[in-house]
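Report on the structure given below.
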Amino acid sequence: MAIDDGDDLEPMKLTTLTFVGTASCTPTDEGDTACFLINGHVLVDCGWAAALSMLGRPEYDATMLTHVLLTHCHQDHYMGLASVLFYRAMQAARIGTDEPLTIAGPAEDIERIVDLTLDFIMADRLAERCPRPEIVPLTAGDGLRAGELDIQTAATKHAIPSLAYRLLDMETGVGIGISGDTAYLPELAPFFSGVDHLVMEGSTGLTDPPAGSPTGHQSILQAARVAKAAGVETLSIVHTDMRRREEFERAASEIFPGVHLPWPGEQHNLEDRSSDPY
Ligand SMILES: [Zn+2]
Ligand SMILES: [Zn+2]
């Protein structure tokens, strides 16, 4: 219910979660591969054309980023980094270059990927328009701060080193969890415990892969089991066959009712739960 409180109160603070892309390894006619924007300035993973895909919402673009967090360095999660860095270089006159972008991700791969990307866009020819990003190598258990967001990490079970992120908005009390790619890992439930909105992959659809499968992915049903055990409010499943949205939502909701498969461009405005409404 909307209540007019008059204009002497501060507007309610919100945490925003924008699904820049939702697809699995390759983009579809719906949009980009899975990547997410939090509060307009922290991008988790970089879809194939992340800079272009972010233009889907007028209030955001890649110039507003302060941080890029990569869950892991598989191509579908980092390919768009080149587009993000080049877009920012082309807009450098507008945004300035005093505050370099911070790029964080698994310690084993993050420096190499950023260096390769800078080489690919020939950053040396862009000179001061493309300042070297600040690189933050992360090991599971490390934390970092991105403005109002306190960020924690945990290892996932994937073919290469891979991190899940738990982001707490210190201004609103809203928590967001993002699994990245992972096999079914019950240990993620305590890590994500109590977050408001959990985003998990569901690559293998309705089929639980055999335990120990080397690809390191999970089904939508396994994602729902983790969400239920973690006691989250909402589960968004991505990185699966999103065209089977309704079928997958029906099946997963039998385990965890608060599940949905988001559309690219979809934005959730998550409310402050830390303040007393009365
Ligand atoms: Zn992937
Ligand atoms: Zn992967």
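The values are calculated or read from the model by the stated rules, or taken from the named source; none is laboratory data. Just so it is clear, the structure is predicted and the values come from calculations on it, not from any experiment. Note that we place each Cβ from the backbone using ideal geometry, even for glycine, and neighbour counts take in every protein chain shown. Heavy atoms of the whole protein, side chains included, go into the accessibility calculation; ligands, DNA and RNA do not. Shrake-Rupley method; radii C 1.70, N 1.55, O 1.52, S 1.80 Å.
Where does each of Phe256, Phe120, Phe86, Phe191 land when they are ordered by accessible area, with a 1.4 Å probe and the largest first? Show your work: numbers first, answer last.
On the way: Phe256 20, Phe120 160, Phe86 90, Phe191 40 Å².
The ordering from most to least exposed comes out as Phe120, Phe86, Phe191, Phe256.
The modelled label-to-label distance for the pair His41/Arg132, using points 7 Å beyond Cα in the direction of Cβ, is 2.4 nm. Farthest toward the positive end of the dipole of the chain, out of Ala62, Thr18, Ile113, is the Cα of Ile113, where the dipole comes from beta carbon charges about the Cα centre. Counting only DSSP beta bridges with both residues in region 14-271, the antiparallel share comes to about 55 percent.
How large is the helix-only mean residue ellipticity at 222 nm for the chain, computed as the sum of -39500 (n - 2.57) over DSSP H runs with n ≥ 4, divided by its residue count, in deg cm²/dmol to the nearest 500?
Working: 9 runs with 62 residues, N = 278.
Roughly -5500 deg cm²/dmol at 222 nm, from the helical runs in the chain.
Name the residues whose placed amide hydrogens come within less than 5 Å of the amide hydrogen of Leu270, ignoring near sequence neighbours (fewer than 5 apart) on the same chain. Those lying under 5 Å, H to H, from Leu270 are Thr15, Thr16, Leu17. Restricting to Cα pairs below 8 Å that are 6+ residues apart, what does the relative contact order work out to for region 14-271? Please round to a whole percent. Once normalised by length, the contact order is 18 percent. Solvent-accessible surface of region 65-123, averaged per residue with a 1.4 angstrom probe and all protein chains in place: 44 square angstrom. Using the average count of surrounding beta-carbon atoms within 10 Å as a protection proxy, the listed peptides 130-137, 239-246, 33-40, 165-172 rank, highest first, as 33-40, 165-172, 239-246, 130-137. Our estimate of slack between Glu266 and Arg94, defined as 0.36 nm per intervening residue step minus the Cα-Cα distance, is 59.2 nm.
Residues Arg112, Arg225, Arg88 ordered from highest to lowest accessible area at a 1.4 Å probe: Arg112, Arg225, Arg88.
Centroid-to-centroid, using Cα positions, region 28-71 and region 172-219 are 21 Å apart.
Net charge around Ile178, counting only other residues with Cβ within less than 13 Å of its Cβ (Lys, Arg = +1; Asp, Glu = -1)? Working shown, then result.
Numbers: positive: Arg166; negative: Asp45, Asp181, Asp196, Glu201.
With Lys, Arg at +1 and Asp, Glu at -1, the net is -3.
Only four residue types carry charge here, +1 at the Cβ of Lys and Arg and -1 at the Cβ of Asp and Glu. Report the dipole size of the chain about the Cα centre in Debye, rounded to the nearest 20.
Details: 18 positive and 42 negative charges, 172 e Å.
Result for the chain is approximately 820 debye, rounded to the nearest 20.
Surface listing: Glu148, Glu254, Glu111, Glu128 arranged by accessible area from highest to lowest gives Glu254, Glu128, Glu111, Glu148, probe 1.4 Å.
In the assembled protein chains, Trp263 presents an accessible area of approximately 130 Å² (probe radius 1.4 Å).
In the Gaussian network model of the chain, springs joining C-alpha atoms below 10 Å, which of Asp76, Asp142, Asp32 carries the largest mean-square fluctuation? In the Gaussian network model the winner is Asp142. From the square roots a ≥ b ≥ c of the eigenvalues of the alpha-carbon gyration tensor of region 14-271, which class results: rounded (a/c under 1.5), prolate (a/b over b/c), or oblate? Prolate.
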